[in-house]
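The values are calculated or read from the model by the stated rules, or taken from the named source; none is laboratory data. Fair warning: this is a prediction, and the values are worked out from it, not measured in the lab. For neighbour counting, all protein chains shown are included, and Cβ atoms are generated from backbone atoms with ideal geometry for every residue, glycine included.
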Amino acid sequence: MSIAGKLLVDVHTHVYLPRYTSLLRSRSTVPFIRSSTTPEGLPDDRLLILDHEPSGGRPVGPQYWDRDEKLKFMDKHNIDVSIVSTANPWLDFLPASQAHTLASELNNDLEEYCSTGPSTTDHKIKRLYGFGLLPLVPEITTSALLDIVHQIGQLPHLRGLIMGTRGIGKGLDDPALDPVWGAIEKAGLVVFLHPHYGVDASAWGDSVDNGHVLPLALGFPFETTTAATRLILSGVFDKFPALRLLLAHSGGALPVLSSRLASCIDHDPIVASRLKHDARYYIGKLYLDAVAYGPEELGYASEALSRAARYEHGSSVTGATDRSVGSKRMLFGTDHPFFPPLSASEKWASVTENLDAIGAVQGWAEEDKEGVRGGNAISLFNLTR
Ligand code: URA
Ligand code: ZN
């Protein structure tokens, strides 16, 4: 068991389940896995999932699909519990009927992956839980989506679902998704909103080969920022106030842009009277992973979350900007198996940097840090069984 007997829980950690990996191997256009060999005759499998995938794709191996590799990684970094999600691009590229069938099969596969895995050392809970998948593709029927929300709600080790930003083709602010948000809220599932598409690749230029840096460092968080903002603007939190939305990569740029967003809403004749609350109130309802790699960023994000109460219309609360309040909505993550070290190293910097960042946030008490490392996840995902 990790730090001071408290559980370390990773809420942002991915898998391509074997059934999904086979699908990627069967394809020859994005998304796919290309198998070849190096000049020395060694296997050289590459993952090509992004449109305009830079640099011939990324190396891919058993860390992406083998449960033992996930557990070895967890042991190496003293991670007690992982809430595992299928990595992008999920089912986005499939026709509706295939996406529906595969969602159901992959949800069952993930339940088995978790339920047949080990328990924590105190034997109280399992070490693996999961986020299920919805077949969010154009032409899917609402009843198919509701069917899968129901399935996920019934699988005991799935505690939420991961989704991208496209919805059923028109984004997440599409009113056609209202019944789905309602069903997710009712089932008490956490929505993990994760990017895949980035922003228009022409923004990256083509004079210099910057590898994956621009799409991953900027494109991913900008995409999350836009999708979450559109959701807020659509009034989803007024309609479904108990919806629990966890944003990848600490919410991208949303925390730092939240007051600008509020001001733009207030000055816009079309939007100004649409929402029940100031935009900062809705931002305070979000959950953010703590995958930001720096204490300043985590500290600021927690501050942006903390001040929501001040912006509840009719609220008499005036203070509540201390970072401790917001820290309760932030949760440790690794993004494994992405961002492996480039050269042999005992631990992965992508993990230790995030842990060090949590430990160094100004204004978080030790109790807040413990919450971000695991206590908050235990409450959010009800990890008592
Ligand atoms: N790269 C991806 O494609 N997905 C992630 O989740 C992280 C990095
Ligand atoms: Zn991720």
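Summary of values
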quantity	calculated
Members of the range 165-209 that are in contact with a Ser or Thr (Cβ under 9 Å, 6 or more places away or on another chain), within 16 Å of ligand 1 (Cβ to nearest atom) and either of a type outside the set (A, V, I, L, M) or farther than 17 Å from residue 228 by Cα (or both)	165, 192, 194, 195, 196, 197
Hits in the range 340-355 - residues which are of a type in the set (D, E, K, R), at pLDDT 95 or above and either exposed (fewer than 14 other Cβ atoms within 10 Å of the Cβ) or not in a helix (DSSP H, G or I) (or both)	347
Single unsatisfied condition, residue 289 versus (1) free of Cβ contacts under 8 Å to residues at least 24 places away in the same chain; (2) surrounded by 16 or more Cβ atoms within 10 Å (Cβ to Cβ); (3) acidic (Asp, Glu)	(1)
Some residue of the range 296-311 being buried (at least 17 other Cβ atoms within 10 Å of the Cβ) and assigned to a loop (DSSP other than H, G, I, E, B)	no
Pairs, first within 20 Å of residue 194 (Cβ to Cβ) in the range 338-362, second surrounded by 12 or more Cβ atoms within 10 Å (Cβ to Cβ) and β-branched (Val, Ile, Thr), C-beta under 7 Å, six or more apart	350/334; 351/334; 354/291; 354/334
Criterion: of a type in the set (Asp, Glu), within 30 Å of residue 208 (Cα to Cα), more than 16 Å from ligand 1 (Cβ to nearest atom) and not in a loop (DSSP other than H, G, I, E, B) - qualifying residue of 44, 75	44
Residues of the range 15-41 satisfying the condition of being under 23 Å from residue 108 (Cα atoms), touching a residue at least 12 places away in the same chain (Cβ under 8 Å) and not in a strand (DSSP E or B)	16, 17, 18, 19, 20, 21, 23, 24, 31
Residue check for residue 195: over 18 Å from residue 284 (Cβ atoms) and part of a helix (DSSP H, G or I)	no
Some residue of the range 225-243 being buried (at least 22 other Cβ atoms within 10 Å of the Cβ), in a loop (DSSP other than H, G, I, E, B) and out of contact with any His (no Cβ under 9 Å at 6 or more places or on another chain)	no
Test: residue in the range 305-325 that is within 16 Å of ligand 1 (Cβ to nearest atom) and in contact with an Asp or Glu (Cβ under 7 Å, 6 or more places away or on another chain)	no
Set 159, 230: member being under 22 Å from residue 87 (Cα atoms) and either away from ligand 2 (no atom under 16 Å from the Cβ) or more than 19 Å from the chain's Cα centre (by Cα) (or both)	159
Residue, surrounded by the fewest Cβ atoms within 10 Å (Cβ to Cβ), within the range 54-101, restricted to residues that are touching a residue at least 12 places away in the same chain (Cβ under 8 Å) and on the phi > 0 side of the Ramachandran plot	55
